[in-house]
């Protein structure tokens, strides 16, 4: 691998990912479960409707902190769930095949929202319209909708009204349950205690009352171990100057390109293309989610009309249903410039037509009033009109040509947005400063983890000044970063703690 200078270091782009919504989750769940089964490790990340009051959710006493976080989880909701699946290559152990998934979620129960959290999500590209149109319904807590001890009337009502919600809820729970009870599957998070609590309550069962019980449940659920990239960057042997996720992600890329560029071995992450659904499912999803231009739908605009480079709905109403998904620009300067050019063009053509019409009308009027005499006048006028029209036609043509040239230059200067491209569709200039999503954060977390482990295995392990325990990457297993603490949270079963009743019931349902 050749050395690169910083000026030639390529700026990474947002990786390919699969958008999972209520219209395709049932079809994709089998494929996702298959990928999880073959995975070396997975990373998870969530976006929520609130983060709680800092003073309470960072309480010094961990039991008190868990109590406040538990109330937060039970009263708020997940809006997005990111999953990044890393599968080791068969030929090269340092190569990973990567599949990324972004699940848009919608809680079927009432939930609270915090305005600062919603503002943060909107500022970072989250589309709440899309969430309520396409979000996967889920029911948090215990799976009560499937209990058989309901009355016949109530069960029939639930079947009729909640059948679709049940299907979607079962699909997302199936995907989550496939992460459990796998001795060799590592689950990776970044400062993810709250993520784990939300996932437990949303897709598994009710959170236990005691913090120690929750930790005990986790030890059985994630047998391959939980790894926290923030903990590793803060307390591991190779400590970083900063430990926020975007910094770690970019830093790991640069370190691999520069510091280790002269090494024989390096790590490769091959991000796979989006999964393709069977044609029947793809058509159904396209029909369900495709937005139709209201002007075409109402018949006000023909479908074969030449498209403008800006969004006409936004230009006309200051609002676009597609928002950041719109394939055309919402930039007002561009809209105004283009509209000005169009109006000048129309004005020139209209002026030309009006003058010719006025002169012809006057000639006809004179002919009617003056009879034969008017014939001579008409001929003279028509000749004059012909001469005048020819001069004006040339002037108008030059003016029209000038305006058309300006419009063409404006079109060429506009950025092109493709509906197939996530980066262009969201119009993100610098994804590492402006872009934020559960899926992208999950991918960055997995990417950082793969390089942290790679450095332990290939560079730290050979350091003779370190003990075997210090160079063993497994020393970082089941240690989660705790905000405001100089020690990690250890995921280990105490001899005095027991599994929760909700966990035992759910575990027996899933694995007997």
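Bear in mind that the values in this text are calculations on the coordinates, not laboratory data. Keep in mind the model is a prediction, meaning the values are calculated, not measured. In this analysis, Cβ positions are derived from the backbone assuming ideal geometry, glycine residues included, and neighbour counts consider all displayed protein chains.
For each of 205, 334, count neighbouring Cβ atoms within 10 Å of the residue's Cβ, then give the residues from fewest to most. Could the numbers behind the result be given before it?
Numbers: 205 23, 334 19.
The fewest-first ordering by Cβ neighbours comes to 334, 205.
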Can you tell me the FRET efficiency between residue 238 and residue 64 if r is taken as the Cβ-Cβ distance and R0 is 30 Å, rounded to the nearest 0.05?
0.35
Each label point is 7 Å from the Cα along the Cα-to-Cβ direction; what then is the distance between the points at residue 34 and residue 458, in nm?
3.1 nm
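Calculated FRET efficiency, residue 505 and residue 266, Cβ-Cβ r, R0 51 Å, to nearest 0.05? Please list the in-between numbers first.
Numbers: r = 47 Å, r/R0 = 0.92.
My answer for the efficiency is 0.60.
Return 197, 166 ranked ascending by Cβ neighbour count within 10 Å, so the fewest neighbours appear first. List each step's numbers first, then the result.
Numbers: 197 20, 166 17.
Fewest to most other Cβ atoms nearby, the residues stand as 166, 197.
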Testing the spin-label approximation: label points 7 Å from Cα along Cα→Cβ at residue 116 and residue 16. State their distance in nm.
4.0 nm
Nearest-0.05 FRET efficiency for residue 492 and residue 308 at R0 = 60 Å, using Cβ-Cβ distance, is 0.45
If each residue of separation counts as 0.36 nm, what is the full-extension length gain between residue 54 and residue 26 once their alpha-carbon separation is subtracted?
6.3 nm
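If you stretched the chain out fully between residue 132 and residue 164, how much longer would it get, using 0.36 nm times the residue separation minus the C-alpha to C-alpha distance?
On the way: separation 32, 0.36 × 32 = 11.52 nm, distance 1.49 nm.
Result: 10.0 nm gained on full extension.
Using the number of other C-beta atoms within 10 angstrom as an exposure proxy, rank 73, 20 with the fewest first. Walk me through the numbers before you get to the answer.
Numbers: 73 23, 20 26.
By the 10 Å Cβ count, ascending: 73, 20.
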